[in-house]
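Following: one structure in structure tokens, then a few remarks.
The values are calculated or read from the model by the stated rules, or taken from the named source; none is laboratory data. Quick caveat: nothing in here was measured; it's all calculated off a predicted structure. Here the Cβ positions follow ideal geometry from the backbone for every residue, glycine too, while neighbour counts run over all protein chains shown.
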Amino acid sequence: MRRRNRTRLIRTVQYGVLVAAVLAFALAADWGELRRAFFDLGVARAQFPEVVVTALVNTVVYTMIGFGFGLALGLLLALMRLSRVPPYRWLAVGYIEFFRGIPALLVFIALGFGVPLAFQVSINQYVTVMLALGLVGAAYMAETIRAGIQAVPKGQTEAARSLGMSQSRAMVSIVIPQAFRIVLPPLANELILLTKDSSLVYLLGLSMDQYELTKFGRDALNQHHSLTPILIAGLFYLALTLPLGHLVRRLEARTARAR
Amino acid sequence: MNRNENDGGGAPEDGGRRGDGGVPEHGAGTSAAIEVTGLHKSFGDLEVLKGIDITVRGGEVVCVIGPSGSGKSTLLRCVNLLEEPTSGTVRVAGFEVTDPEVDIDRVRRRIGMVFQAFNLFPHLTTLGNLTLPQRRVLGRGRAEAEEVARGNLRRVGLTDKESSYPAQLSGGQQQRVAIARALSMGPELMLFDEPTSALDPELVGDVLAVMRRLAQEGMTMLVVTHEMSFAREVADRVVFMDAGAIVEEGPPEQVVGEPQQARTRAFLARVLDPAAADVLEQEPG
């Protein structure tokens, strides 16, 4: 009896603190000011349709080319990591440790400004984005794919080899397709991370039609002195990442059922 | 290597070889399909095979029996080089597989292997499991591969399962698909590594029936098994192994019926006595 009373008291206090905090915020906040800063309808309307047809589309394009390049490079690194030739393993491990250990921002600066300055070359912006996002993403995806390959039971390779397939044929036809099914959830997760990392593009010198969500929002912020564009950009990121997150959970549930 | 790559292969005409009982033509020249001489295999300090000599003639069915850990499976896996022998020679289908110069992938396509754990490819349908190896290894076209595959599914009685994925099949069905997959490569001989040990008792019969029919059709078979009744009925010869060596071999009525060696008798007593067999079941394979 006394324990139940105690529990009830603690719960009442918890609710009380929450209500007090919400009330204090509601009374103290200047709602007109907040609305003007975050939900300025005029500013919001001014962002359309460019925020969709340019910014959102570019965010998706940058993410996809980065992901595509990163996936291909990640697969190559995973295979090198599992190679029987030690130097390949060392190279892969060195690459993975290096790119996992440095900030993605640094890679963007190196590729966006460092390489053009040092080598006196100009690189297509899309190539820069693809390389910068892909090089970093590949390091993470390589470890994921390697784990997936190793999670395929040894009997699968043995069955393939006993049917006369070469080591590489067994890898391509039997092991890798199964490995990708295993690592689909973590790969979709990586896609979410890359979607957000694509915002780092904002520091490159982009023309208007190359703006993605973050750069677009930052530009509109300067123009309107309102947080509304930032909020809109945030909502569009969520429109991309929340469904992906949902997909990850569904894939994970499916994998759990299949086991 | 001097052989035509396709001999002994090709589509099994459904029922074509059934009942002819003869030795298949692949044994041409020599009657030994498998010839193992002085085979030793060690895993680190553990010597698993201590000098094995065994010959399987074309069309012969040889069952290898023995307690867990006696080296039966390792012997089988040395025949198609899934395990590299430490020393000794293994000749299969006219090739010396222990010769490093031999292209093992070319020899393996002549050797069908059936595993205890089935090892079907879970990402492919039944038909895909049967056609992918034919197309990738033998270079057959889709139509030909599917025709061969369907013929072999008929042989194992699973024509209605060609679009099922392995996970949708029972263990017994999976193992029959695995047999059909091996047969689709047109092998000259078949290796069976405890093919019924992972099955529920009521599913064992279907798989053994398929194997029995294969034997009647004249397939050369080397079978590691715990199914004494199968060994007794189907085998031309039974080999009893213990502690990495062959203890006794001969016709089944002799080795299983009237074993000469004390170790064989002890093993058979344990296997055939149901109470003791329960204990045996619990030992890891």
Do any helices (runs of 4 or more DSSP H) entirely within region A:112-180 hold 2 or more residues that are within 27 Å of B:I111 (Cα to Cα) and without any contact (Cβ under 8 Å) to a residue 24 or more places away in the chain, and if so, which? A:154-162, A:167-170
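To keep it simple, each residue is scored yes or no on (1) among the aliphatic types (A, V, I, L, M); (2) more than 25 Å from the chain's Cα centre (by Cα).
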position	(1), (2)
A:R36	no, yes
A:A44	yes, yes
A:F69	no, no
A:S122	no, yes
Please verify whether A:V175 is β-branched (V, I, T) and modelled with pLDDT under 95, treating the condition exactly as stated. no
B:R176 being away from chain A (no Cβ under 12 Å) and buried (at least 22 other Cβ atoms within 10 Å of the Cβ): yes
Just wondering, is there one or more residues in region A:228-237 that are closer than 19 Å to B:L124 by Cα and either within 14 Å of chain B (Cβ to nearest Cβ) or surrounded by fewer than 19 Cβ atoms within 10 Å (Cβ to Cβ) (or both)? no
Residues of region A:47-81 being under 19 Å from A:S207 (Cα atoms) and of a type in the set (A, V, I, L, M), which ones? A:V51, A:V52, A:V53, A:A55, A:L56, A:V57, A:V60, A:V61, A:I65
Selected residue (only one of A:A78, A:A139 is touching a Phe, Trp or Tyr at 6+ places or on another chain (Cβ under 6 Å), buried (at least 20 other Cβ atoms within 10 Å of the Cβ) and either basic (K, R) or away from chain B (no Cβ under 14 Å) (or both)): A:A139
Please indicate, with yes or no, whether at least one residue in region A:13-35 is in contact (Cβ under 8 Å) with a residue 12 or more places away in the chain and either surrounded by fewer than 16 Cβ atoms within 10 Å (Cβ to Cβ) or on the phi < 0 side of the Ramachandran plot (or both). no
If you go through region B:207-247, how many residues are in contact with a Phe, Trp or Tyr (Cβ under 8 Å, 6 or more places away or on another chain), surrounded by fewer than 20 Cβ atoms within 10 Å (Cβ to Cβ) and part of a strand (DSSP E or B)? 1
Can you tell me which residue within region B:181-200, out of those that are under 20 Å from B:C63 (Cα atoms) and out of contact with any Gly (no Cβ under 8 Å at 6 or more places or on another chain), is nearest to the other protein chains (Cβ to nearest Cβ)? B:D193
Here's a check for you: in region B:61-117, which residue that is touching a Lys or Arg at 6+ places or on another chain (Cβ under 6 Å) and part of a loop (DSSP other than H, G, I, E, B) is nearest to the other protein chains (Cβ to nearest Cβ)? B:N80
